[in-house]
Amino acid sequence: MPARRKKEWFDNDAFWRETYSFMFPEDQFAAAPEQVEKALALAKPGGKDALDLCCGPGRCSIALAEAGFRVTGVDRTKFLLDKARARARKARTQIEWVEADMRNFVRPEAFDLVVNMWTSFGYFDEKDDDRRVLQNIYASLRPGGVCLMEMLGKERLARIYQPTTSDVLADGTRAILCHEIVDDWTRLRNEWILIRQGRAKTYRFHLTIYSGQELRDRLEQAGFTDVTLYGNLDGEVYGPDAQRLVAVAHKAMSADAR
Ligand SMILES: C[S@@+](CC[C@H](N)C(=O)[O-])C[C@H]1O[C@@H](n2cnc3c(N)ncnc32)[C@H](O)[C@@H]1O
């Protein structure tokens, strides 16, 4: 019998349900079509089969479908996939939704494009798990396929890091966000305190934050070639003013090209 893996923070469905309005405000949905248009301009996929890995409530999946792609959205959180289904129905788009862990989802040579958007990588305690995710993406791409990842990069974090920030959301929720960088500047430990109607609830989660070079190395180790880094989806250089870490990585047409 396979060993049961220990529960990690992202396995807690209540985390995604209770932070939903904070994590996925309407303006993020409104921004998705433009983000996807820009992502496509950078990735230039050669075909129309797309995987949105860690699709959440389907922001980018729906935008990709509206841009003419056949889309598969994969996510482990049923609550978010239900939101995605409802939004896709409303948008009259046909999307395949798959409830799966990104460590396990692999569909050999099925896609021309894989996107992984909005810091949906680096969640695992074991570094080998991140490696496995990239190997799965690589295996799921057709030869000539392309992967685009978009996340908060370590260089950006170093510039904007503040141990505590606070904000009031549109629905009146007060959010106090505490951050700690640990494990030799490789991991970001977060504590979010959301205060609603006088009641405070605390959510803790952590993730590995990659520098541009670290992400490039990981992608190349997984087999990708021709990895280009950008500082945002507009395609600006990954330099001192980078707002995001965007990586575009290719699977060579033939294995010999590696
Ligand atoms: C920050 S959200 C981003 C969602 C989406 N990519 C977007 O741009 O709106 C991260 C997503 O990763 C999903 N996720 C977390 N751990 C996962 C895992 N182990 N396997 C698959 N999905 C996971 C969560 O359910 C959530 O939808």
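Quick note: the coordinates plus some simple rules give every number you see, no bench work behind them. Since we're looking at a predicted model, the values are computed, not measured. Neighbour counts are summed over all protein chains in view; Cβ atoms, including those assigned to glycine, are modelled from backbone coordinates with ideal geometry.
Run the numbers on the chain and let me know its relative contact order in percent, using alpha-carbon pairs under 8 Å that are six or more apart.
17 percent
Multiply the residue gap between residue 82 and residue 191 by 0.36 nm, knock off their C-alpha separation, and tell me the result in nm, one decimal place.
Value of the extension gain: 36.6 nm.
Quick one: the Cα spread of the stretch 85-151 along its three principal axes, in angstroms, biggest first?
38, 29, 20
Placing +1 at every Lys and Arg Cβ and -1 at every Asp and Glu Cβ, with all other atoms neutral, what dipole size does the chain have around its Cα centre, in debye to the nearest 20?
760 debye
Residue by residue through the stretch 210-219, which ³J(HN,Hα) values in whole Hz follow from phi under the Karplus form 6.51 cos²θ - 1.76 cosθ + 1.60 (θ = phi - 60°), with glycine and proline marked x?
9, 7, x, 5, 4, 5, 4, 4, 4, 5
Once you list every other residue whose beta carbon is under 13 Å from the beta carbon of residue 65, what net charge do they have if Lys and Arg are +1 and Asp and Glu are -1?
+4
With each pseudo-label sitting 7 Å past Cα toward Cβ, what's the residue 169-residue 17 distance in nm, one decimal?
Result for the modelled spin labels: 1.5 nm.
Whole-Hz ³J(HN,Hα) for each residue in the stretch 6-17, computed from phi via Karplus 6.51 cos²θ - 1.76 cosθ + 1.60 with θ = phi - 60°, x for glycine and proline: what do you get?
6, 6, 10, 4, 6, 7, 8, 4, 4, 4, 6, 5
What is the sum of charges, Lys and Arg at +1 and Asp and Glu at -1, for the other residues whose Cβ falls under 14 Å from the Cβ of residue 241?
Result for the local shell: 0.
Once every DSSP H run of n ≥ 4 in the chain is given -39500 (n - 2.57) and the sum is divided by its residues, what mean residue ellipticity at 222 nm do you get, rounded to the nearest 500 deg cm²/dmol?
Calculated from helices alone, the mean residue ellipticity at 222 nm is -9000 deg cm²/dmol.
What residues have an amide H closer than 5 Å to that of residue 209, excluding those fewer than 5 places away on the same chain, when H is modeled at 1.01 Å from N in the peptide plane?
Excluding prolines and chain starts, which carry no amide H, the hits are 187, 188.
In nanometres, what is the gap between the two model label sites at residue 128 and residue 234, each 7 Å from Cα along Cα-to-Cβ?
Label at residue 128, label at residue 234, 4.3 nm between them.
Test of the criteria: in the stretch 56-115, which GluC sites (Glu not before Pro) are in a DSSP loop and have at most 14 other Cβ atoms within 10 angstrom of their Cβ?
Here the GluC sites (Glu not before Pro) that fit, given the DSSP loop and packing criteria, are 109.
For the stretch 84-149 and the stretch 179-239, what is the separation of their C-alpha centers, rounded to whole Å?
17 Å
Cα-Cα over 18 Å: which of 48/83; 7/78; 38/154; 44/90; 48/90; 127/251?
Where the Cα-Cα span goes over 18 Å, the pairs concerned are 48/83; 38/154; 44/90; 48/90; 127/251.
With Cβ to Cβ distances under 13 Å as the rule, what net charge do the other residues near residue 35 carry (K, R +1; D, E -1)?
-4
Would you kindly work out the equivalent ellipsoid of the stretch 156-206 from its C-alpha gyration tensor and give its semi-axes, the square roots of five times the eigenvalues, largest first in whole Å?
24, 12, 6
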